[in-house]
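The values are calculated or read from the model by the stated rules, or taken from the named source; none is laboratory data. Keep in mind the model is a prediction, meaning the values are calculated, not measured. Cβ sites come from the backbone with ideal geometry, for glycine too, and all protein chains shown count toward neighbours. Just so you know, the surface numbers come from the protein's heavy atoms only, side chains and all, with ligands and any DNA or RNA stripped out. Shrake-Rupley method; radii C 1.70, N 1.55, O 1.52, S 1.80 Å.
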Amino acid sequence: MPGEGGRSAKSLAIILIVHLVVILLWQVTVDAFHVPKFILPSPLAALVTLAHPNYAWVSNLLVTAIEILGGFLLGAAVGVALAVIFTWSRLVALLLLPLFVTLNMIPKVAMGPLVIVKSLRGSRWTLFRKIQLPGSLPYVFSGMKVGAILAVAGAIVGEFIASDRGLGYLMIQVQSSLDTPAMVMAVVLLTLLGVGLYGMVLGLERLFVVRDVRLQQ
């Protein structure tokens, strides 16, 4: 819809302007008060670190991106599969669903799309395909948006605990030497990865879910 597209473009422009203003104020403040780099580096100081080959930004970024995407896809697949199982079996839902909700191990997805189901009765399949599946999509994408955020945190925590590659590993290395500009740059790249994944989920939601039934977060 043209109206929705215009509103989205306007919102995106406002977001970009706000971010640019914050970055500009950050740079001006650091320069004006001569803040040491190890306390708060300027945006330009952080950008300069991208030119240093010893940080191996590209390889570390790819490692972390693969971990984030893989964790997100695995979590989404498991969550959707469990939602489908709970939808089709009341006994399984009665036994397992309360436990999963208590442990908060899966996103709060009511029902999800089905990948492949064999040997189904036509009436039940029709009910699932025409009513349950379309009705579940807002909740599926709501869970996926939460999962996109948690996937970044999960990947970084994993790299903090045991890893010799990735942005999380690099952050630990530069932290020990008080290389704050590189630390800031790593955080920025992680943020961009998270925003990119979240944006991908939003794009899919716009494609498959009509605007009036989307869950706002």
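Number of residues in region 2-51 that are surrounded by fewer than 13 Cβ atoms within 10 Å (Cβ to Cβ) and touching a residue at least 24 places away in the same chain (Cβ under 8 Å): the value is 3. Figure legend. Inter-residue proximity from region 88-104: first residues closer than 21 Å to GLY75 by Cβ and open to solvent by less than 70 Å² (accessible area, probe 1.4 Å), second residues assigned to a helix (DSSP H, G or I) and at pLDDT 80 or above, beta-carbon distance below 6 Å, spacing 6+ or different chains. Indicated pairs: VAL92/ILE85. For residues that are at pLDDT 90 or above and not in a helix (DSSP H, G or I), tally how many sit in region 160-175. Looking only at that region, the number is 2.
The lone criterion from (1) more than 19 Å from the chain's Cα centre (by Cα); (2) assigned to a helix (DSSP H, G or I) left unmet by LEU178 is number (2).
Just one of the listed residues (MET144, MET183) is without any contact (Cβ under 8 Å) to a residue 40 or more places away in the chain and surrounded by 15 or more Cβ atoms within 10 Å (Cβ to Cβ), namely MET183. Across region 74-88, a minimum of one residue is classified as closer than 24 Å to TYR169 by Cβ and part of a helix (DSSP H, G or I).
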